[in-house]
Structure formats: C-alpha cells, structure tokens
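Take a look at the structure below.
Bear in mind that the values in this text are calculations on the coordinates, not laboratory data. Being a predicted model, the structure only gives us computed values, none of them experimental. Cβ placement follows ideal geometry from the backbone for every residue including glycine, while neighbour counts extend to all protein chains displayed.
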Amino acid sequence: MLWTMILSGGWTLVVIIAVSLLGFGLIIERFIAYWRARARAELLMPEIEQRVREGDLNGALEACNRYRGAVPEVCSMAISHEIHAASGGGLGEDLNEAVQAYVRTVVVPKLRRFLRLIGLVARVEPMLGLLGTVFGMIQLFVTMAGQGMGDPRTFTEGVGLALVTTAAGLLVAIPVIYFHGLLVGRAESIENEVDRYVPTVLQWLRWLRLSREDQV
C-alpha cells in the first residue's frame, strides 16, 4: 500500500522527498554547529580577566583557543588585535570597530548560515504537495473523460491517491517550520552571548592599554 501511494505521487513526490532530505540534513548540520558554538563562557571569562590583569595577553589568547564557540572566537580575535597593536601595528585605537565588523561579517553570517534555505524548504514543500495533487486530479479527470465514470470506488481511490502529495508536503513542512523557529532562537541566543560577554573583554583590554600608557 505504501509503495503504491509513493508511486501514485509521481515526480512531484520524488521532488518532495528530495527537498525534505535536504531540509532535514541542513537542520541536523545546524544543530551540530550550534552545539559547537555554545561556549562555557562562565569558565572562560575569569581566566581571561586574570590573564589581562597580569598583562599576559598571550596567556589570555591561549585560554580562548582552548575553548570552542562564538564567544571565545570573538574574544580571541580581539586579543590578537590588541597584541598586534601592542607590538607596533597601530591598530589599537579602532578595536571596537574591528570587533563589531568581525561579528557582523564573520560570526553572524556563520551562525545564520542555511537558515534562509531551511525556511525556504518549509514554504516550498506545501506548494509542491499542492502541485502534485493538481496534476493528479488533472490526470484522473482526463482518464475518466476517456473511459467514463465506471466504478465510483475507482474515482474515490484516484482522488485519495492524488491527495498523497499534499499530505506528504504538509508532513514535511510542519516539522521543518518548528525546527526552523527553534534554530533561529538558538542563533539569536548565541548572538546574545557574544553581545553580553565580549564588551566586558574589550573593557579589560582598554584598561590594560591605559595602564601601559600610564607607565610610559
């Protein structure tokens, strides 16, 4: 019975299945990416603070590199920027702008990667299902126009099979919509972590820079 329903869906059901595999594959990839992007910032921040107050930026950088996630990545970028400035690179004055640009052009796009495509899958699947149903109904009526009404059960079975693609499209779209909303929330939560912790690190770095300038 199941195989008969799949065959009745025709090429549109094949497209629905292919798009659903793409969508769920991207959802799994995003869940893994967000799991990796989560950082135990409550453990990292005290270590960064201690290293910065000691004037050990290389030690602070090593601490960031021991963690994975968006917060350690941005903190590592900021500390590297300050190390380069302290060595004579002359980039210390625009640290805030550099960090903001990095977050905007690297971190946020990385977090929001594939989210639009997943949302597109959720919107397209019901339309593909409806398209398959329309084609199925057209084929059914063309067949009946040539062969006559015949057994009414044949007509009702044909209608039922034509609706298979609509059901398949909805069965895929509903969970994809749910997971898309969940993933958007995860991405925003990680972005909020960056906005919460990184400015504190920037304050520590500014304090260290001012302390060194006072000693000169």
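Laid out as a table, the results:
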read-out	value
Surrounding net charge for ALA39, when Lys and Arg each add one and Asp and Glu each subtract one, Cβ distance under 15 Å	+2
Backbone N under 20 Å from the PHE135 label point (7 Å along Cα→Cβ), restricted to region 162-199	162-173
